[in-house]
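Read the structure below first, then the notes.
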Amino acid sequence: MSEPSSADADPAGAVDRRVFLAGLAGYGLTFAGGAGAAVSLSRRRPRGSRLIAGLRQAVRGPVIEPGQSGFLAAAHVYNERFDDVLPLAVARPLDAADVRSAVRWAAAHDVPPRARSGGHSYAGYSTLAGGIVLDLRYLSQVGFDRRAGIATLGGGAQLIDVYAGLAAHGVTIPAGSCPSVGVAGHALGGGMGLAGRALGLTTDNLFAAELATADGRLQRVDRHSDPELLWALRGAGGGNFGVVTELEFHAHRLPRACAWFSVAWPWASAGDALDAWQHWAPHAREQLTSVFHLETGAERPRVLVAGQYLGPAGELARLLEPLAGAGPATVRAGDQDYFDLQVRWAGPACSAQSLQGCHTVGTRPGGTLPRESFRAKSDYVSRPLSPTGRELLVAAVAARQGQPGSGSILFDSYGGAINRVAPDATAFVHREALFCIQYLDYGGGPSWLRGVHAAMRGHVSGMAYQNYIDPELGDWQHAYYGANYPRLLAIRRRVDPDHRFNFPQAIGR
Ligand SMILES: Cc1cc2nc3c(=O)[nH]c(=O)nc-3n(C[C@H](O)[C@H](O)[C@H](O)COP(=O)(O)OP(=O)(O)OC[C@H]3O[C@@H](n4cnc5c(N)ncnc54)[C@H](O)[C@@H]3O)c2cc1C
């Protein structure tokens, strides 16, 4: 566990303006007019503040409320689009017992709680208005039991720290590439990364979790104590059943050899490149996982594949051959140590700095990665896309080129270890997909994203990835969980009958 530090304070040392004004209103201080106008000041404390004083008694870790220095930085999630959503307070419990105290307090006072691990929910579901955020940043331990081969991770650990902490023991778990994603939110909704086809999803390696439940208990959930709840946590655990304070994973030895590669084509080959990729990537050797990109660029759109191979780069020329017929390609590849490779995927800002800087600004002392403002949607594809489907996607990115902001369509290859798990073996149902499509828009408003997503309806499976959670999705119960939904509903009713853990796309809404 890392102790509270100066990162808890507002970096500017100033009270945020919006909160300052809201705080004045709460104290009955009103401005009657322009400069020099009369003000009235009552001594009445707002109800919210009295309530939060009780939370402060209940929790040992810091509790930050509106009007306090650093409140806005504490309230904000990664996606800046939700900066106006402000909770009653942000509590930062020090350990699992402290989380349980906060959950008990929330139940006793009928205040809705929301767990936050890395704060990367696409829909901002780790914050809320009118409730309390339980920010797990101090539950960030990364432990490894060598004899048992088990990694034990705190509910607030971020992926870059997980990769670094486990690499020091010569092991790893498969997970995504964004360094500051929280391992809890990630694993509880799936967790797809560039070791996915070889080692499975993050959630496939999860075998036990410690959970603070609505009844005020702290319980270790495993296949003996509560197999149904463990089943539910593996794919549907994000925000639904309680607050996960610790996760236990089967760890994998670091691969002896490891390589990265990229293949880029001229834009005119985009449709053919996508066709070659979709027939190759989900069936390639399992040690190889790749992501296909169609994206706007500085002057023209770009098409490329980037990937990771758990083997020597010298073998890649033969493995990448099926992509050769799609047009004139530029291929780059190289050997790299596994951990250094994870830093490479984390982005250039990370490779160039110490690991301290490789965290979102404000979430860890020294974190430098900026927050972002974006929208996203997703689809799964279980049969190869037709020429019409491919043309739609290529045309959509071409149309987005030159507009404000940027747009991209990313394709995560499935198959391999991911698809060897049965759809009902865990709550993560998407086991028959060839790949997952993710549509992303930065700074362009909602219309392009909605348009391309709507245009693809006849070409995709109708399922969507719950970790790319989309607040606009209609039948999300089916899209995220398919035939597993009724079983999830029964588990939610048993574990949280009063639906204390709730959000707009919670099981049971
Ligand atoms: C820049 C970026 C890159 C990404 N890259 C990938 C990728 O490569 N692969 C991939 O699969 N996904 C990726 N994602 C998606 C990511 O996996 C999800 O957004 C994930 O839910 C984020 O988890 P978090 O803990 O950071 O988010 P949070 O916002 O903290 O949490 C997400 C949800 O889980 C709940 N939750 C959080 N902690 C707990 C807990 N301890 N117990 C119970 N519920 C909890 C929250 O209440 C919320 O509903 C990416 C997201 C972003 C923004």
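The values are calculated or read from the model by the stated rules, or taken from the named source; none is laboratory data. Computed from a predicted structure; not experimentally measured. Please note: Cβ atoms are built from the backbone with ideal geometry, for glycine as well, and neighbour counts cover all protein chains shown.
Some points to look at:
- Yes/no for Thr388 being among the hydroxyl-bearing types (Ser, Thr, Tyr), within 16 Å of the ligand (Cβ to nearest atom) and either part of a loop (DSSP other than H, G, I, E, B) or surrounded by fewer than 18 Cβ atoms within 10 Å (Cβ to Cβ) (or both): no
- Test: residue in the stretch 123-139 that is buried (at least 24 other Cβ atoms within 10 Å of the Cβ), basic (Lys, Arg) and either farther than 30 Å from Gly445 by Cα or modelled with pLDDT under 95 (or both): yes
- For the condition at pLDDT 95 or above, over 20 Å from the mean Cα position of the chain (by Cα), more than 12 Å from the ligand (Cβ to nearest atom) and not in a loop (DSSP other than H, G, I, E, B), Gly165 does not qualify.
- Verdict on Arg457 being without any contact (Cβ under 8 Å) to a residue 40 or more places away in the chain, surrounded by 15 or more Cβ atoms within 10 Å (Cβ to Cβ) and in the same structural domain as Val381 (by TED's automatic domain parsing): no
- Scanning the stretch 169-195 for residues that are part of a loop (DSSP other than H, G, I, E, B), of a type in the set (A, V, I, L, M, F, W, C) and within 6 Å of the ligand (Cβ to nearest atom) returns Cys178, Val181, Met192.
- Here Ala317 does not fit the description of being over 28 Å from the mean Cα position of the chain (by Cα), assigned by TED's automatic domain parsing to the domain that holds Leu393, modelled with pLDDT under 95 and not in a loop (DSSP other than H, G, I, E, B).
- The one condition in (1) crowded, with 21+ Cβ neighbours inside 10 Å; (2) more than 17 Å from Tyr78 (Cβ to Cβ); (3) under 22 Å from the mean Cα position of the chain (by Cα); (4) basic (Lys, Arg) that Arg400 fails to fulfil: (3)
- Residue selected from the stretch 443-471 under the condition under 17 Å from the mean Cα position of the chain (by Cα) and not in a loop (DSSP other than H, G, I, E, B), by the criterion nearest to Gly508 (Cα to Cα): Gln466
- Test set (1) in contact with a strand residue (DSSP E or B) (Cβ under 6 Å, 6 or more places away or on another chain); (2) polar (S, T, N, Q); (3) within 8 Å of the ligand (Cβ to nearest atom) - Thr152 fails condition number: (3)
- Of all residues in the stretch 337-379, those being assigned to a loop (DSSP other than H, G, I, E, B) and either under 18 Å from the mean Cα position of the chain (by Cα) or of a type outside the set (Val, Ile, Thr) (or both) number 18.
- Of the strands (runs of 3 or more DSSP E) that lie entirely inside the stretch 237-295, those containing 1 or more residues that are away from the ligand (no atom under 16 Å from the Cβ), of a type outside the set (A, V, I, L, M, F, W, C) and more than 19 Å from the chain's Cα centre (by Cα) span 243-250, 259-265.
- Leading residue by the ranking (farthest from Ile52 (Cα to Cα)) among those in the stretch 133-149 that are touching a residue at least 60 places away in the same chain (Cβ under 8 Å) and away from the ligand (no atom under 12 Å from the Cβ): Gly149
- Inspection of the stretch 253-267 finds no residue satisfying the criterion of being touching a helix residue (DSSP H, G or I) at 6+ places or on another chain (Cβ under 8 Å) and of a type in the set (S, T, N, Q).
Residue by residue, here is whether (1) assigned to a loop (DSSP other than H, G, I, E, B); (2) polar (S, T, N, Q); (3) within 24 Å of Thr296 (Cα to Cα) holds:
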| residue | (1), (2), (3) |
| --- | --- |
| Asp412 | no, no, yes |
| Leu473 | yes, no, no |
| His478 | no, no, no |
| Gly482 | no, no, no |
| Arg487 | no, no, no |
| Ile491 | no, no, no |
| Pro497 | yes, no, no |
| Asn502 | yes, yes, no |
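- The condition of being under 22 Å from Val244 (Cβ atoms) and modelled with pLDDT of 95 or more does not hold for Trp448.
- Residue check for Ala276: small (Gly, Ala, Ser), out of contact with any strand residue (DSSP E or B) (no Cβ under 7 Å at 6 or more places or on another chain) and without any contact (Cβ under 8 Å) to a residue 60 or more places away in the chain: yes
- Answer from Glu210, Glu248 - the residue that is within 24 Å of Ala58 (Cα to Cα), touching a strand residue (DSSP E or B) at 6+ places or on another chain (Cβ under 8 Å) and either charged (D, E, K, R) or in the same structural domain as Ala427 (by TED's automatic domain parsing) (or both): Glu210
- From the list Ala108, Ala97, the lone residue that is over 22 Å from Arg371 (Cβ atoms), more than 12 Å from the ligand (Cβ to nearest atom) and touching a residue at least 24 places away in the same chain (Cβ under 8 Å) is Ala97.
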